[in-house]
Amino acid sequence: MSGTSLFEKLWRQHRVAELDEGESLIHIDRVFLHERTGGVALQALAEAGYKVRNPQLAFATLDHIVDTFPGRSDNTLMPGGEAFIRITREQTARSGIQLFDLGDPRQGIVHVVSPEQGIVLPGTTVVCPDSHTCTQGALGALAWGIGSSEAEHALATQTLRVVKPKSMRVSFDGTLPIGVGAKDMILALIARDSASGARGSVVEFAGEAVRALGMEARMTLCNMAVEFSAFTGLIAPDEATLAYLQGRPFAPKGQAWEEACTAWRELRSDAEAVFDAETRLDVSTLRPMLTWGTSPQHAVGVDARVPDPADAADRATQEAMHKALAYMDLQPGQALAGTPIDAAFIGSCTNSRLSDLRAAAALLRGRRVAPGVKAICVPGSTQVKLAAEAEGLHQVFLDAGFEWRESGCSMCFFAGGESFGLRQRVVSTTNRNFESRQGPQTRTHLASPVTVAASAIAGCLADPRGLL
Ligand SMILES: CC(C)[C@H](C(=O)O)[C@@H](O)C(=O)O
Ligand code: SF4
């Protein structure tokens, strides 16, 4: 298959039929569900008289609205949210789908749990009614977020009708400077090429800087593909991918593992592969990034000044920038670093894995969160929490003045019944800085775990590089 991209290979391997109106019928290898959208999809399916075709290929977890306070309740703090959890428990039990419930050591944020358990594998198609399913493309899977009715279709038929997306390759060249990581790479890309830069394409992240990333950092990179308007993100599997997956509970074992590895080693774009779009970014001059506005594209280096709308190319951009600056209560030209913060949040499917917590803890060790700053760390899964505790990281967070929580989406989004206060300024490792995302009119600054940790200590937006 010379000249074929990885996406094209995965597409061909899963195409069952060509349909009219440009759609193809694609085989779906795994369906993952969470309580906010999944239980309801299962219920609707049952009410329509359909069965889940392959319950052993579907999985569910409780993450979005669960209580994340230490020693949490068995439910949610979200007003009216109990039904989502109850329906998910009832419907998964009814259809024979494994649920990673509260109290199950496999529980956690869907996009953290799926790789951790070896459910997403290279070369598979994985869907979930959740936009950040693109995270799982880091393992070389075609994994994408779907809507609720598509979830019903996938559960009932193990297929989906999909219009073939375009392809794009983003190559990251060079070596990352100290204090700069995958979160900064993706924010820098989106800032340069805009939040609509990928235009619905399957984006393959490639290049030496991607190869040099650990698996968890690759997940961070792919996590924000959807914030770049990609259909999904994808990274070709390599030896690091195989080493990560070996021995995980749902990964193949014995002879099947050996055979899988042989097949997975073929999963890469051919040297002559042609993409609908290609771009490159040199990471060697990148800085830790921070957002100043209300879109992930509103990002600059931590030592930069807040941009001036007057410098924008067109009127629409100028107006959007003015609106964002008014919302964020920032002035054009002011230094971003030094802006006082109310809160710091480390968590979410973007940056809540063990390597993220280790990086933040290394910086927090022996230091204290500034007075008046509410600082919270929410591990992405129960496994991450247990692993972090086994190496004493929780004590580092607690000693520094962070809250140490149970795993879940928590305050990544304002829907679990808990939020930051009115108009509070939050520096956050999450992926969306939209208006009121983390509470009423909250002002979110997206950043990496080390930048959030440095800011929590300083009490203001801060550059981590001096502290490493
Ligand atoms: C609730 C869910 C459907 C939503 C999503 O799809 O992304 C959430 O995870 C989010 O990050 O906003
Ligand atoms: S952690 Fe945030 S972005 Fe990720 S799935 Fe949960 S709510 Fe969505």
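The values are calculated or read from the model by the stated rules, or taken from the named source; none is laboratory data. The model shown is predicted, which means the values in this text are computed figures rather than measured ones. Glycine gets a Cβ as well: all are built from the backbone with ideal geometry, and neighbour counts include every protein chain shown.
Quick notes
- All positions within segment 252-280 that are among the aliphatic types (A, V, I, L, M) and crowded, with 18+ Cβ neighbours inside 10 Å: ALA260, LEU267, ALA273
- Scanning segment 226-263 for residues that are in contact with a Ser or Thr (Cβ under 6 Å, 6 or more places away or on another chain) and either more than 27 Å from LEU189 (Cα to Cα) or not in a loop (DSSP other than H, G, I, E, B) (or both) returns a single hit, VAL226.
- Restricting segment 431-445 to residues that are over 17 Å from VAL373 (Cβ atoms) and surrounded by 24 or more Cβ atoms within 10 Å (Cβ to Cβ), the residue that is farthest from the chain's Cα centre (by Cα): ASN433
- Residue within segment 1-13 that is within 30 Å of ARG94 (Cα to Cα) and not polar (S, T, N, Q) present: no
- Residue-level check: of (1) polar (S, T, N, Q); (2) more than 16 Å from ligand 1 (Cβ to nearest atom); (3) more than 23 Å from LEU267 (Cβ to Cβ); (4) surrounded by fewer than 19 Cβ atoms within 10 Å (Cβ to Cβ), SER148 misses just (2).
- All positions within segment 199-219 that are touching a residue at least 40 places away in the same chain (Cβ under 8 Å) and small (Gly, Ala, Ser): SER201, ALA206, GLY207, ALA209, GLY214, ALA217
- Residue within segment 336-344 that is surrounded by 20 or more Cβ atoms within 10 Å (Cβ to Cβ), within 16 Å of ligand 1 (Cβ to nearest atom) and in a loop (DSSP other than H, G, I, E, B) present: no
- Within segment 115-129, the set of residues being touching a Lys or Arg at 6+ places or on another chain (Cβ under 8 Å) and within 16 Å of ligand 1 (Cβ to nearest atom) comprises VAL126, VAL127.
- Condition check for ARG218: within 20 Å of the chain's Cα centre (by Cα), over 30 Å from ALA46 (Cα atoms) and away from ligand 1 (no atom under 16 Å from the Cβ): yes
- Each residue in segment 300-318 was checked for being touching a helix residue (DSSP H, G or I) at 6+ places or on another chain (Cβ under 8 Å) and either within 16 Å of ligand 2 (Cβ to nearest atom) or assigned to a helix (DSSP H, G or I) (or both), and 4 pass.
- Checking PRO177 against (1) more than 15 Å from ligand 2 (Cβ to nearest atom); (2) crowded, with 18+ Cβ neighbours inside 10 Å; (3) within 15 Å of GLY301 (Cα to Cα), the condition it does not meet: (2)
- Within segment 398-430, the residues that satisfy the criterion of being among the small types (Gly, Ala, Ser), at pLDDT 95 or above and either under 26 Å from GLU82 (Cβ atoms) or buried (at least 24 other Cβ atoms within 10 Å of the Cβ) (or both) are SER407, GLY408, SER410, SER419, GLY421, SER428.
- The lone exception for ALA191 - which of (1) in a helix (DSSP H, G or I); (2) within 16 Å of ligand 2 (Cβ to nearest atom) it fails: (2)
- Test: residue in segment 450-466 that is surrounded by fewer than 20 Cβ atoms within 10 Å (Cβ to Cβ), farther than 19 Å from LYS183 by Cβ and in contact (Cβ under 8 Å) with a residue 24 or more places away in the chain: yes
- Residues located in segment 281-312, provided they are among the β-branched types (Val, Ile, Thr) and surrounded by 15 or more Cβ atoms within 10 Å (Cβ to Cβ): VAL283, THR291, THR294, VAL300, VAL302, VAL306
- Taken over segment 410-428, residues that are under 17 Å from ASP63 (Cα atoms) and within 12 Å of ligand 2 (Cβ to nearest atom) amount to 7.
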